[in-house]
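Here the structure comes first, spelled out in structure tokens, and everything after it is commentary.
None of the figures in this text is laboratory data; all of them are computed from the coordinates on show. Predicted model only: the values in this text are computed from it and were never measured. With ideal geometry, Cβ positions are generated from the backbone for all residues, glycine too; neighbour counts draw on all protein chains shown.
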Amino acid sequence: MGQRRSRGRVYRRCGCQDENRKQLGPWCPQLIADAKHGTWTYAVDLAP
């Protein structure tokens, strides 16, 4: 059997909003400035 390579990603985002109440998600400037800001999340793509 061949090796299966799992595909996935790890990222951080938050619930901050801009002045139009649009969620900033991963583009929040506080994510860069503060290591404790936001939540780490992961996603894994599974083969069918």
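Some points to look at:
- Length-normalised contact order of the chain in % [C-alpha pairs under 8 Å, at least 6 apart]: 46 percent
- Amide H to amide H distances under 5 Å link L24 with C16, Q17, D18, where only residues 5 or more positions off or on other chains count and H is placed in the peptide plane.
- Placing +1 on the Cβ of every Lys and Arg and -1 on the Cβ of every Asp and Glu, with no other charges, gives the chain a dipole of roughly 280 debye about its Cα centre.
- Scanning the chain for trypsin sites (Lys or Arg not before Pro) in DSSP loops with at most 13 neighbouring Cβ atoms within 10 Å leaves 6-20 as the longest stretch between them.
- Against the set (1) 68; (2) 61; (3) 72, the structure's computed percent of Cα pairs over 12 Å apart falls on (1).
- Working note: Karplus 6.51/-1.76/1.60 with θ = phi - 60° gives the stretch 33-39 the couplings 6, 10, 5, 8, 7, x, 10 Hz, where Gly and Pro are set to x.
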